[in-house]
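The values are calculated or read from the model by the stated rules, or taken from the named source; none is laboratory data. Note that the structure is predicted; figures quoted are calculated from it, not measured. Please note: Cβ atoms are built from the backbone with ideal geometry, for glycine as well, and neighbour counts cover all protein chains shown. Heads up: the accessible areas ignore ligands, DNA and RNA and are worked out on the full protein's heavy atoms, side chains in. Shrake-Rupley method; radii C 1.70, N 1.55, O 1.52, S 1.80 Å.
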Amino acid sequence: MTMQAKPVPVLDTDSRPFWEGCRQGVLRIQRCKTCAQYVFYPRSICPHCMSDDLAFVEAKGLGTVYTYTVVHRGFGPFQDEVPFTIALVDLDEGVRMMTRIVDAGEGIGIGDRVEVVFSERDDGLVLPYFRPILTATR
């Protein structure tokens, strides 16, 4: 059986600063200079006020798990990586992003606090993942 290549994002004008930030270990999201709202995923027009005056800023890299699922049956290029956890994380800046949760030894739960970590794939792409922030109550 031939192993499929993993998908690679298109680095276009809108997303290039995000991916370059990941390669540098920095989580960058956009902020509208007109209405001051944060924006994620990268795009050329603010979805809040329709301005095209967006700039990339460094996010704190902290967030809260909104929801998650554990993948037990993978297909295609991800079949050898199961089980893994996919989550929607609400960043402290107010935007939501889909990501993987890593280093969650005792599991993860809705409402858990997480922090960004960066993981380099075999093909050199660096992805932002999140891991639980250990607290005394866990």
- Query: Given 0.36 nm per residue, what is the gain on full extension from Ala55 to Arg131 after removing their alpha carbon distance, in nm?
  - Reply: 24.7 nm
- Averaged per residue, what accessible surface does the stretch 1-73 expose to a 1.4 Å probe, in Å²? 66
- Spacing of the two label points (7 Å from each Cα toward its C-beta) at Glu106 and Phe84, in nm: 2.6
- Message: Modelling each spin label as a point 7 Å along the Cα-to-Cβ direction, I'd like the Lys6/Lys33 distance in nm, to one decimal.
- Response: 3.5
- Per-residue SASA entry for His48, accessible area with 1.4 Å probe, Å² rounded to 10: 110
- Message: For Cα pairs less than 8 Å apart in space and 6+ apart in sequence, what is the mean separation divided by the residue count of the stretch 11-58, i.e. the relative contact order in percent?
- Response: 36
- Query: Carbon-plus-sulfur fraction of the accessible area of the chain, 1.4 Å probe, in percent?
  - Reply: 51
- Message: Check which residues have an amide H placed less than 5 Å from Ala59's amide H, if you skip close sequence neighbours.
- Response: Leu27, Arg28, Ile29
- Message: At R0 = 22 Å, how high is the FRET efficiency between Arg121 and Arg43 if r is their beta carbon distance? Nearest 0.05 is fine.
- Response: 0.35
- So, over other residues within a Cβ distance under 15 Å of Ser119, counting Lys, Arg +1 and Asp, Glu -1, the net charge is -1
- Which residues' amide hydrogens lie under 5 Å from the amide hydrogen of Ser51, considering only partners 5 or more residues apart or on another chain, with H built in the peptide plane? Cys46
- Query: On the first, second and third principal axes, largest extent first, how far apart are the outermost C-alpha atoms of the stretch 11-58 in Å?
  - Reply: 30, 19, 13
